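Below is one structure; the comments refer to it alone.
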């Protein structure tokens, strides 16, 4: 299954600004970026997938560009999809990468 390679390249460029080391792994039929083996963000088809700590889920899901990740036909805990409208700018994309990294660090 194909994923948005342009978005993957945008994420790779943003990750250069972090002191942490990230790895890439094919997951969910797309591409995920992991920190110490924990998923932070990923791309499934054309959408950004983000892991978010439980305390911030309600805030994020209130945004019109964010919806529960329903890859399995049921919402997945601490996962959201962000539409391309929600990551038009590099600042918006960076925000979601930071949220994903926060989640990964919370699981270590």
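Out of the residues in segment 15-44 meeting the condition of being in contact (Cβ under 8 Å) with a residue 24 or more places away in the chain and exposed (fewer than 14 other Cβ atoms within 10 Å of the Cβ), tell me which one is nearest to residue 71 (Cα to Cα).
Residue satisfying both the conditions and the ranking: 29.
Residues in segment 12-36 that are touching a strand residue (DSSP E or B) at 6+ places or on another chain (Cβ under 8 Å) and not in a helix (DSSP H, G or I): how many?
So the count comes out to 16.
Would you point out the residue of segment 45-70, among those that are in contact with a strand residue (DSSP E or B) (Cβ under 7 Å, 6 or more places away or on another chain) and assigned to a loop (DSSP other than H, G, I, E, B), that is surrounded by the most Cβ atoms within 10 Å (Cβ to Cβ)?
69
Read-outs throughout are calculated quantities, based only on the coordinates presented, and are distinct from any laboratory measurement. Since we're looking at a predicted model, the values are computed, not measured. Every residue, glycine among them, receives a Cβ derived from its backbone with ideal geometry; neighbour counts consider all protein chains shown.
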